[in-house]
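For reference, the structure discussed in these notes is given below.
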Amino acid sequence: MGKDFGAYIEAQQGQMFDLLGKLVRINSGSNNKNGVDAVGREIAAALNDCPLTQETIALEQAGNLLIFRTPPALTHAGQALMVGHMDTVFAPGTDFTDYREDDSRSYGPGVIDMKGGLVAGIFALKALAAGGLLNNLPLAFVCTSDEEIGSPWSKSLIRQEARKSNCAFVLEVGGIDGQVVTGRKGNLSARLTIEGRAGHAAFAGTDKTSAIVEMAHKILAIEALNDPAKGLSANVGLVSGGIGPNTVAAHAEARLDFRFIHAEDGRQLEAHLFEICSQATNPNATCKVEILSGRPPMPANEANERLYRHIAHIARHLKIPIGSEFRSGVSDANFIDHAGTPVIDGLGPIGAGDHSPREYMVKDSLPQRTLLLASVLADYVWGNKRY
């Protein structure tokens with residue numbers, strides 16, 4: 001059947017790249033609801049010829065969430081779950097807007113994070129539909145709108161669908177040598193706000209209550225939490241404050257990111273952050289910490305490794321390069337794993353440079369990963385949902 005899928009996918013390559021270009025040219029930054037919803041409409045139109053039901057969860061603050069289900073998923077337990085996100089990190093107004101190709105690569109905002117993964121998922125389902133298998137496959141395909149900002153509205157849906165699933169597949173970018181993801185770090189995102197006392201720089205003494213000076217002490221203490229040997233990272237990535245060089249800053253703000261392998265390390269990092277905030281260098285300055293978002297770690301485990309071995313067996317049969325890796329970045333797979341469902345991430349096409357104007361996809365990997373996804377899902381049917 002893999003050969004049949006291969007013939008179908010080869011014949012559809014023109015349509016696959018046409019859809020990819022169309023999706024990439026739609027700005028769908030996480031806060032651009034209209035753009036994310038436009039991507040959702042294109043996905044729904046592409047799947048219109050498949051026997052799928054569509055559920056839309058309307059959101060005011062972000063793009064709508066979409067859930068596509070096969071007929072058996074409506075009546076049977078033990079579904080397979082496929083997850084992709086429609087939003088990107090590129091806000092409206094960015095200079096990186098176009099889609100282009102050369103002989104070996106496609107370029108554009110979100111081309112592999114993760115509009116290429118969405119195209120692979122869509123055409124895997126279309127290949128299964130052409131083969132008459134969707135009517136035997138209990139599957140939910142969840143398309144989210146807020147992954148790049150921590151999935152604040154979609155994480156409950158992802159966990160809910162994961163608990164109904166025997167296994168899950170997430171369509172983030174594949175590793176440059178064909179790797180898929182069997183484990184990820186967890187993360188914590190926070191905002192640090194400091195209030196000082198405004199004044200004229202010409203009359204300020206060493207005891208001035210500068211929010212920026214207090215923030216500088218906090219930054220050094222936070223950066224000291226980095227511990228590469230334990231897999232812990234702490235990063236102060238965005239800082240703002242003050243209104244001009246001749247004033248004492250009354251306000252300063254910083255955005256923070258923490259990564260960790262073990263849940264206990266995450267709890268300790270959070271405790272250290274609040275401890276740092278409670279110790280003011282200048283007693284007249286005040287400090288506030290807000291936890292904005294977070295994902296639990298996705299430690300390597302036997303359930304994920306077992307699912308990987310099964311996928312790798314299929315990939316080798318198809319002569320598609322594959323390997324496994326642990327990634328420092330986070331994704332919605334973290335929530336799925338935390339729900340206790342075996343999950344493999346990084347099943348989207350191969351590329352690099354995501355979150356930058358250098359983002360590209362290796363073109364040959366799009367039909368390859370589409371074939372792998374279709375074959376893995378077909379095997380789920382033939383194997384009597386054994387994953």
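The values are calculated or read from the model by the stated rules, or taken from the named source; none is laboratory data. Here the structure is a predicted model, which means the values were calculated and not measured. Every residue, glycine among them, receives a Cβ derived from its backbone with ideal geometry; neighbour counts consider all protein chains shown.
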> Which of (1) of a type in the set (A, V, I, L, M); (2) over 26 Å from the mean Cα position of the chain (by Cα); (3) part of a strand (DSSP E or B) is the odd one out, the single condition LEU238 does not satisfy?
Replying inline: (2)
> Got a sec? Which of LEU19, LEU59 is surrounded by fewer than 22 Cβ atoms within 10 Å (Cβ to Cβ), in contact with a helix residue (DSSP H, G or I) (Cβ under 9 Å, 6 or more places away or on another chain), assigned to a loop (DSSP other than H, G, I, E, B) and among the aliphatic types (A, V, I, L, M)?
Replying inline: LEU59
> Does ALA73 fit the bill of being at pLDDT 95 or above, under 20 Å from VAL170 (Cβ atoms) and of a type in the set (Gly, Ala, Ser)?
Replying inline: no
> Among the helices (runs of 4 or more DSSP H) contained in the stretch 241-358, which hold 1 or more residues that are within 25 Å of ASN226 (Cβ to Cβ), over 19 Å from the mean Cα position of the chain (by Cα) and not assigned by TED's automatic domain parsing to the domain that holds VAL376?
Replying inline: 263-278
>> Looking only at residues that are surrounded by 18 or more Cβ atoms within 10 Å (Cβ to Cβ) and in contact with a Leu (Cβ under 9 Å, 6 or more places away or on another chain) in the stretch 186-218, which one is farthest from GLU264 (Cα to Cα)?
In response: MET215
> Mind checking which residues of the stretch 242-290 are surrounded by fewer than 14 Cβ atoms within 10 Å (Cβ to Cβ) and either touching a residue at least 60 places away in the same chain (Cβ under 8 Å) or of a type in the set (D, E, K, R) (or both)?
Replying inline: ALA263, GLU264, ARG267, GLU275, THR281, ASN284, LYS288, GLU290
> Residues of the stretch 62-91 being without any contact (Cβ under 8 Å) to a residue 60 or more places away in the chain and either assigned to a strand (DSSP E or B) or among the β-branched types (Val, Ile, Thr) (or both), which ones?
Replying inline: THR75
> Any chance the stretch 12-23 includes a residue that's in contact (Cβ under 8 Å) with a residue 12 or more places away in the chain, over 21 Å from PRO349 (Cβ atoms), touching a Phe, Trp or Tyr at 6+ places or on another chain (Cβ under 6 Å) and in the same structural domain as PRO367 (by TED's automatic domain parsing)?
Replying inline: no
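Where residues in the stretch 117-170 are in a loop (DSSP other than H, G, I, E, B), on the phi < 0 side of the Ramachandran plot and touching an Asp or Glu at 6+ places or on another chain (Cβ under 8 Å), which of them is surrounded by the fewest Cβ atoms within 10 Å (Cβ to Cβ)?
PRO152
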>> If I go through the stretch 120-141 residue by residue, how many of them are within 24 Å of the chain's Cα centre (by Cα) and of a type in the set (Gly, Ala, Ser)?
In response: 4
> Taking the stretch 46-79, which residues are within 22 Å of SER165 (Cα to Cα), hydrophobic (A, V, I, L, M, F, W, C) and in contact with a Lys or Arg (Cβ under 8 Å, 6 or more places away or on another chain)?
Replying inline: LEU47, CYS50, LEU52, ALA77
